[in-house]
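Student: Encoded as structure tokens, here's the structure I'll be asking about.
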Amino acid sequence: MSFADLGLSEELLRAVGDTGYTDPTPIQASAIPSVLMMRDIIGVAQTGTGKTASFVLPMIDILAHGRARALMPRSLILEPTRELAAQVAENFEIYGKYHKLSMALLIGGVQMGDQVKALEKGVDVLIATPGRLMDLFGRGKILLNGCSMLVIDEADRMLDMGFIPDIEEICTKLPKQRQTLLFSATMPPPIKKLADKFLSNPKTIEVARPATTNINIAQWVVPVKAQAFEKRQILRQLLREEAVSTAIIFCNRKTTVRELNKSLKQHGFAAGEIHGDMEQPARIAELDRFKKGEINILVASDVAARGLDIKGVSHVFNFDAPWHPDDYVHRIGRTGRGGATGIAYTLVAPDDAENIDNIEKLTGQKIERRQVTVAEEPKPERARRAKPDPEPEAAPSGERAPRRSRERPADREPERPAERGSERPAERGRDRDRSRDTGEYRRRRDPVDDGPDDGWNGPVPAFLSVSLGG
Ligand code: AMP
């Protein structure tokens with residue numbers, strides 16, 4: 001099947017042709033004709049499947065006719081994080097270049113004034129994180145009753161972040177007669193309930209079994225006896241042995257991200273870091289360095305890296321096995337994208353054993369073990385200088401198992417719900433404190449991902465109210 005068979009306009013086919021994509025991905029092939037027929041859709045699909053284009057493309061054609069009115073966006077796309085919202089905006093720019101649609105991005109960290117101005121002009125497409133949208137709605141700066149198309153993207157992430165009550169409220173503000181598309185990598189009961197309540201006779205499209213891993217990714221578990229020190233040695237050895245062109249290394253805690261990045265740099269690797277404690281401009285700058293190839297290793301936390309579409313990552317390393325098994329699927333999904341093959345290694349110390357068991361239960365796959373013996377390492381450049389190598393020292397405090405560790409809660413990432421979907425907004429703060437020592441937090445809104453204005457000067461403001469094409 002080709003894109004031309006899907007019922008898209010000539011202009012869109014031209015824009016798709018410009019990207020070099022020849023064949024629609026399975027979710028695009030199934031979803032696009034149904035969206036064009038105005039069906040509601042439940043898309044069970046992970047990032048990396050081409051799901052963004054599966055709603056962006058038909059939306060552009062549907063919205064091509066009609067005019068935007070002040071304060072009344074014609075369509076709304078809800079995203080859990082600013083980064084994902086910005087990525088969707090980029091997709092609208094790419095595919096909408098031969099159309100005259102206007103778009104606005106409503107996300108935390110961008111001056112509210114600019115966003116209000118964009119809305120006042122009238123927009124065809126509004127891409128928003130729930131927190132900022134509710135905020136502006138509450139101030140009467142936005143009317144949702146002209147919004148005939150709604151996309152709820154990454155619904156399971158929204159659930160993790162405690163956004164479901166906001167989404168329910170937003171849904172009630174939209175006209176009943178509308179088209180609703182919901183995308184989620186998994187369909188836990190609260191998401192099914194949301195879909196039952198707010199979608200009308202939806203067509204369900206499942207492109208991969210929930211929580212399955214991509215077959216293009218070769219996966220290995222590397223058993224490690226001790227904690228941080230041996231993990232770092234083995235990691236360096238793998239980085240040297242493997243033909244690593246670009247790698248993302250995931251850690252469970254922000255402290256580990258910082259310390260590992262520092263250690264890798266000291267050993268001569270071109271590494272950088274992103275984690276939830278960094279301000280948005282710093283995160284974007286670090287990502288840009290990675291995308292430009294100034295660094296080829298990015299040490300990341302789950303929250304900071306969620307959903308990011310970084311192309312051509314050859315390797316993913318899990319320095320820690322994630323506490324929650326679906327994060328494993330999300331993490332290793334950074335490699336093996338768009339048909340490319342990828343390699344994922346997970347270092348498993350005794351403290352990670354339970355996590356890897358849960359991952360194997362969720363994915364229904366036994367991951368092959370690979371024993372790595374540590375060989376003698378080349379002396380790092382720095383070792384010849386006066387400063388001693390920090391490696392042989394005791395493991396830093398933040399690198400113990402979550403359930404036994406005593407590190408400050410702020411150093412932990414991710415903040416996950418103990419039981420998905422059971423949280424009520426009023427409970428969020430209490431739950432977080434109550435479970436402080438279990439390592440199992442309920443995830444609240446991540447203030448970094450959707451917080452108040454914090455002077456973000458990254459690239460996103462350029463997308464505000466841009467005219468697409470013409
Ligand atoms: P998504 O699942 O939307 O995050 O997309 C994952 C990646 O697939 C992005 O880099 C897209 O640009 C890319 N992509 C989208 N559609 C296609 C296609 N038809 N063929 C190849 N790659 C695609």
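Student: Considering only residues that are in a loop (DSSP other than H, G, I, E, B), in contact with a strand residue (DSSP E or B) (Cβ under 8 Å, 6 or more places away or on another chain) and modelled with pLDDT under 80, which ones fall in the stretch 269-319?
Tutor: Matches in the stretch 269-319: ILE310 only.
Student: In the stretch 97-115, which residues are in a loop (DSSP other than H, G, I, E, B) and either buried (at least 21 other Cβ atoms within 10 Å of the Cβ) or not hydroxyl-bearing (Ser, Thr, Tyr) (or both)?
Tutor: Selection gives LYS97, HIS99, LYS100, LEU101, ILE107, GLY108, GLY109, VAL110, GLN111.
Student: Every residue in the stretch 323-371 that is assigned to a strand (DSSP E or B) and either surrounded by 13 or more Cβ atoms within 10 Å (Cβ to Cβ) or not basic (Lys, Arg) (or both), please.
Tutor: THR335, GLY342, ILE343, ALA344, TYR345, THR346, LEU347, VAL348, GLU368 - these are the residues of the stretch 323-371 that are assigned to a strand (DSSP E or B) and either surrounded by 13 or more Cβ atoms within 10 Å (Cβ to Cβ) or not basic (Lys, Arg) (or both).
Student: Please go through the stretch 156-206 and give me each residue that is of a type in the set (Ser, Thr, Tyr) and either surrounded by fewer than 15 Cβ atoms within 10 Å (Cβ to Cβ) or part of a loop (DSSP other than H, G, I, E, B) (or both), ordered by number.
Tutor: Those that are of a type in the set (Ser, Thr, Tyr) and either surrounded by fewer than 15 Cβ atoms within 10 Å (Cβ to Cβ) or part of a loop (DSSP other than H, G, I, E, B) (or both): THR172, THR186, SER200, THR204.
Student: Still on this structure, please answer the following. State all residues of the stretch 242-266 that are crowded, with 22+ Cβ neighbours inside 10 Å and in a loop (DSSP other than H, G, I, E, B); if no residue qualifies, say none.
Tutor: Selection gives CYS251, ASN252.
Student: Looking only at the stretch 43-64, decide whether some residue is more than 21 Å from the chain's Cα centre (by Cα), more than 16 Å from ALA89 (Cα to Cα) and within 8 Å of the ligand (Cβ to nearest atom).
Tutor: No, because not a single residue in the stretch 43-64 is more than 21 Å from the chain's Cα centre (by Cα), more than 16 Å from ALA89 (Cα to Cα) and within 8 Å of the ligand (Cβ to nearest atom).
Student: Here's another thing I want to ask about it. Please enumerate the residues belonging to the stretch 15-42 that are away from the ligand (no atom under 15 Å from the Cβ) and part of a helix (DSSP H, G or I).
Tutor: From the stretch 15-42, those away from the ligand (no atom under 15 Å from the Cβ) are 34, 36-40, 42; that's our starting set.
Within the stretch 15-42, SER34, LEU36 meet the criteria.
Student: I've got another one for you. Go through the stretch 157-188 residue by residue and tally those that are without any contact (Cβ under 8 Å) to a residue 60 or more places away in the chain, of a type outside the set (Lys, Arg) and more than 15 Å from ILE77 (Cβ to Cβ).
Tutor: Going through the stretch 157-188 one residue at a time, the tally reaches 5.
Student: LEU78: more than 16 Å from the ligand (Cβ to nearest atom), within 24 Å of GLU206 (Cβ to Cβ) and in the same structural domain as PRO202 (by TED's automatic domain parsing), yes or no?
Tutor: Taking the combined requirement at face value, the residue does not satisfy it.
Student: Looking at the stretch 207-231, which of the residues that are part of a loop (DSSP other than H, G, I, E, B) and more than 24 Å from the chain's Cα centre (by Cα) is modelled with the highest pLDDT?
Tutor: Checked the stretch 207-231; the qualifying residue modelled with the highest pLDDT is VAL224.
Student: May I ask you to list the residues in the stretch 116-143 that are within 13 Å of LEU78 (Cα to Cα) and in a loop (DSSP other than H, G, I, E, B)?
Tutor: So in the stretch 116-143, the residues within 13 Å of LEU78 (Cα to Cα) come out as 125-134.
Once the filter is applied, which keeps residues that are within 13 Å of LEU78 (Cα to Cα) and in a loop (DSSP other than H, G, I, E, B), the stretch 116-143 yields only THR129.
Student: Give me the residue from the stretch 1-14 that is within 11 Å of the ligand (Cβ to nearest atom) and not aliphatic (A, V, I, L, M) and, out of that set, farthest from ILE62 (Cα to Cα).
Tutor: SER2
Student: (1) within 13 Å of the ligand (Cβ to nearest atom); (2) part of a loop (DSSP other than H, G, I, E, B); (3) crowded, with 22+ Cβ neighbours inside 10 Å: which one isn't true of LEU84, the others all being true?
Tutor: If we test LEU84 against (1) within 13 Å of the ligand (Cβ to nearest atom); (2) part of a loop (DSSP other than H, G, I, E, B); (3) crowded, with 22+ Cβ neighbours inside 10 Å, just (2) comes out false.
Student: Output the qualifying pairs, or none if there are none: Cβ atoms under 8 angstrom, residues six or more apart or on different chains, first residue in the stretch 45-67 and farther than 26 Å from VAL313 by Cα and among the acidic types (Asp, Glu), second residue more than 14 Å from the ligand (Cβ to nearest atom) and part of a helix (DSSP H, G or I).
Tutor: Partner pairs satisfying both residue conditions: ASP61/LEU36.
The values are calculated or read from the model by the stated rules, or taken from the named source; none is laboratory data. Only a predicted model underlies this, so the values are computations on that prediction, with no experimental measurement involved. FYI the Cβ positions are ideal-geometry reconstructions off the backbone, even for glycines, and counts take in every protein chain you see.
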